[in-house]
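In what follows, a structure is listed as structure tokens, so that the remarks can point back to it.
The values are calculated or read from the model by the stated rules, or taken from the named source; none is laboratory data. Nothing here was measured: the structure is a model prediction, and the numbers come from that model. Every residue, glycine among them, receives a Cβ derived from its backbone with ideal geometry; neighbour counts consider all protein chains shown. Protein only, heavy atoms only, side chains kept; ligands, DNA and RNA dropped before computing areas. Shrake-Rupley method; radii C 1.70, N 1.55, O 1.52, S 1.80 Å.
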Amino acid sequence: MAEAGNREVLSTDVLIVGAGPAGLAAAIRLKQRHPDIAVTIVEKAAEIGGHILSGAVMDPVGLDALIPDWRLKNPPVGPDVTTDTYHFLTSKGDFAVPHALIPPQMRTKGGVIVSLGDLVRWLGEEATALGVDIFPMTAAIDVLRDGDGPVRGIITGDLGLDREGNPKPGHAAGIALEAKYTLIGEGARGSLAKKIIGEFALAEGKSPQKYGLGIKEVWEIPAERHQPGKVDHYLGFPLDDATSGGGFAYHAQDRKLYLGLVVHLDYADPTLSPFGEFQRFKTHPSIAPLLEGATRISYGARALASGGWQSLPDLAFAGGGLIGCAAGFMNAPRLKAIHNAILSGIGAADAVGEAVAAGRQHDRLENLQERVFETGIEAELVGVRNIKPLWSRFGTLLGAGLGGFDLWCQSLLKFSLFGTQRNDTPDAAKLKPIASVTPRVYQRPDGKTTFDRASSVFLANLAHDEDQPIHLKLADPTIPVRENLPRYGEPAPLYCPAGVYELAEENGAPVFRIHAANCVHCKTCDIKDPAQNITWVPPEGGSGPNYSGI
């Protein structure tokens, strides 16, 4: 937490960190209800949507609540979902689950396949038309706060520092942005949310938050294989029974195929590579034929919060609140978060708007959490609360079976035989020593269906000045080689999907290298490092991926 010091100070009524679906929904809602309230959004990407990555099949309930006539405004969405099939894969087999066996909580009425990046660009236009001020290329690096006082805004990062932190020609100092209330909508494992949750003890008494790493590619496939609106979700291969997660294949518009794999980060094998598992996924007989004669267009990766109801922190703090995936509203079994992000923005905006209109500022909004939960978020997440704990505890086959049974009990009998299960352990503490596992070996990529990290990261359109301070901070630079290497084989080069971390050799001794310019801002290292020695902080505004159509 920081004070303004000698920085220039600008003021607004409501400040929102992050131009994702939650932040933009909050801004739009505020302006719909309170046109005279000044609303400002800061976004670290070079343009709105540049850092946004999601599957995505959107439940339209959130957008329906925010902009009831959105379908008449020609937003960049579609097609509507025509079929939604769940599969269990073995190494060669594919077993489709009969639709009648799928619990109602896992079905999406009126689902729409979207590029979330394209959708938030459109939402940005809607917000701007209402008078919201949006500033891209603006990284929020700290919270503006005096001692133990309330949050009063944020500090933005400097532009034009060299690797050692010294000003370069054209240097521009960061500023202090003051606000009556500040909403944090950075997405999963955001750097400011992480600070605020710790400083205000918002997670006290809660289960540890759980995370997954989602890796996604966009392919253009031959017309004869393209079925617009077809949605497939996969359990099983390539992941073993002890590793939770699953794949997806969504047939979007214009012959696009959204293909991805989510690996939950509570896996135990330190030699597992989520990137490598994604390459294996594409070799399955149900997936590989889709990619014959196809062209890979885009690549990206992002952590997602999967802990659910038990892992939600308190949302309100003195001076603001958490919204969207910064809090963790994803419905993990449905793999849906966009609608809840939007709904959380709506609920938070209503609480904040009423407070500002009443002349209040910087206090704790006691009704913010209630306003967010009553949008439908509480009812949805409570209903699926046991899926992730059961999956993690009992593995994919038994855990998914028990989870399905629990969902049917709640749907038909209106109660759970399991009560409320807890998420037991942080993801970083789940790794086994490398001596206790058989190391995994991943095949060399063929350059047609499977690829290496370098060629993949190229498709993320990274922009990163290498002569800037490294934004991946090691609390103790000796830990990777001194502790992680002998105990875990130093898993960072494997869990990172972008080739940021490297174990090399100099003068016959191992060295740990960081290639910060490769970072796609997925936050996996901040989550999974077993020593919790790596902290991800925002680099210079505008750095990182520039996703398009993903």
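The residues listed here are V457, V511; of these, the one that is of a type in the set (V, I, T), within 20 Å of the chain's Cα centre (by Cα) and modelled with pLDDT of 95 or more is V457. Within the range 389-416, the set of residues being part of a helix (DSSP H, G or I), touching a helix residue (DSSP H, G or I) at 6+ places or on another chain (Cβ under 8 Å) and free of Cβ contacts under 8 Å to residues at least 24 places away in the same chain comprises F394, L402, D406.
So is Y501 modelled with pLDDT of 95 or more, open to solvent by less than 10 Å² (accessible area, probe 1.4 Å) and out of contact with any Gly (no Cβ under 8 Å at 6 or more places or on another chain) or not? Taking the combined requirement at face value, the residue does not satisfy it.
When the range 215-236 is limited to residues that are among the basic types (K, R) and surrounded by fewer than 19 Cβ atoms within 10 Å (Cβ to Cβ), the one that is nearest to I550 (Cα to Cα) turns out to be K230.
State whether the residues of the range 150-160 include one that is in contact with a Pro (Cβ under 6 Å, 6 or more places away or on another chain), over 23 Å from I550 (Cα atoms), part of a strand (DSSP E or B) and hydrophobic (A, V, I, L, M, F, W, C). No, the range 150-160 contains no residue that is in contact with a Pro (Cβ under 6 Å, 6 or more places away or on another chain), over 23 Å from I550 (Cα atoms), part of a strand (DSSP E or B) and hydrophobic (A, V, I, L, M, F, W, C). Pairs meeting the criteria (first residue in the range 352-378 and over 18 Å from A65 (Cα atoms), second residue open to solvent by 50 Å² or more (accessible area, probe 1.4 Å) and at pLDDT 95 or above, beta carbons under 6 Å, at least 6 apart or on different chains) are V356/K180; Q361/K180. Just one of (1) farther than 26 Å from Y258 by Cβ; (2) crowded, with 24+ Cβ neighbours inside 10 Å; (3) of a type in the set (S, T, N, Q) fails for Q32. It is (2). For the residues I197, I155, I184, I175, the requirement of being surrounded by fewer than 21 Cβ atoms within 10 Å (Cβ to Cβ) and either modelled with pLDDT of 95 or more or under 18 Å from V14 (Cα atoms) (or both) singles out I175. Inspect all residues belonging to the range 116-135 and state whether any of them is among the basic types (K, R) and within 24 Å of A327 (Cβ to Cβ). Yes.
Residues of the range 402-426 that are open to solvent by less than 50 Å² (accessible area, probe 1.4 Å) and out of contact with any Pro (no Cβ under 8 Å at 6 or more places or on another chain): L402, D406, C409, Q410, S416, G419. Would you confirm whether or not the range 369-382 contains a residue that is among the β-branched types (V, I, T), surrounded by fewer than 24 Cβ atoms within 10 Å (Cβ to Cβ), under 24 Å from the mean Cα position of the chain (by Cα) and in a strand (DSSP E or B)? Checked against the condition, which is being among the β-branched types (V, I, T), surrounded by fewer than 24 Cβ atoms within 10 Å (Cβ to Cβ), under 24 Å from the mean Cα position of the chain (by Cα) and in a strand (DSSP E or B), the range 369-382 yields no hits at all.
Taking the range 359-408 as the range and being over 20 Å from L183 (Cα atoms) and in contact with a Gly (Cβ under 6 Å, 6 or more places away or on another chain) as the test, the residues that pass are L381, R385, I387, K388, L390, W391.
Criterion applied to E483, E540 was being crowded, with 16+ Cβ neighbours inside 10 Å and acidic (D, E), and the one residue passing it is E540. Condition check for E490 on (1) open to solvent by 60 Å² or more (accessible area, probe 1.4 Å); (2) farther than 22 Å from Q209 by Cα; (3) modelled with pLDDT of 95 or more: one failure, at (1).
Looking across the range 281-322, the residues that are open to solvent by 20 Å² or more (accessible area, probe 1.4 Å) and either closer than 18 Å to K92 by Cα or without any contact (Cβ under 8 Å) to a residue 12 or more places away in the chain (or both) come down to T283, P285, S286, A288, P289, L290, E292.
The residue pairs whose first member lies in the range 13-41 and is touching a residue at least 40 places away in the same chain (Cβ under 8 Å), whose second member is open to solvent by 30 Å² or more (accessible area, probe 1.4 Å) and assigned to a helix (DSSP H, G or I), and whose beta carbons are closer than 8 Å, counting only pairs six or more residues apart or on different chains, are G20/C325; A22/C325; L24/E126; I28/E126; H34/A357; I37/A357. Within the range 85-105, being closer than 23 Å to D240 by Cβ and out of contact with any strand residue (DSSP E or B) (no Cβ under 8 Å at 6 or more places or on another chain) holds for S91, K92, G93. On the stretch given as the range 427-465, residues that are under 22 Å from K216 (Cβ atoms) and either of a type outside the set (D, E, K, R) or open to solvent by less than 60 Å² (accessible area, probe 1.4 Å) (or both) total 20. Of all the numbered requirements in (1) out of contact with any Lys or Arg (no Cβ under 9 Å at 6 or more places or on another chain); (2) farther than 21 Å from I550 by Cα, Q361 misses one, and that requirement is (1).
Listed by position, the strands (runs of 3 or more DSSP E) inside the range 443-550 whose residues that are in contact (Cβ under 8 Å) with a residue 40 or more places away in the chain, within 28 Å of G307 (Cβ to Cβ) and touching a helix residue (DSSP H, G or I) at 6+ places or on another chain (Cβ under 7 Å) number at least 1 are 472-474, 534-536. Among the residues here, T450 does not qualify as farther than 30 Å from G549 by Cα and of a type in the set (S, T, N, Q). Taken residue by residue, the range 501-515 has at least one member that is within 30 Å of L161 (Cβ to Cβ), in contact with a Lys or Arg (Cβ under 8 Å, 6 or more places away or on another chain) and among the charged types (D, E, K, R).
Being outside any loop (DSSP other than H, G, I, E, B) and open to solvent by less than 40 Å² (accessible area, probe 1.4 Å) is a property that T108 lacks. Across the range 247-280, the number of residues qualifying as surrounded by 20 or more Cβ atoms within 10 Å (Cβ to Cβ) and either touching a Cys at 6+ places or on another chain (Cβ under 7 Å) or without any contact (Cβ under 8 Å) to a residue 40 or more places away in the chain (or both) comes to 2. Annotation: of all residues in the range 127-149 being among the acidic types (D, E), in contact (Cβ under 8 Å) with a residue 60 or more places away in the chain and surrounded by fewer than 19 Cβ atoms within 10 Å (Cβ to Cβ), the one that is farthest from R33 (Cα to Cα) is D146.
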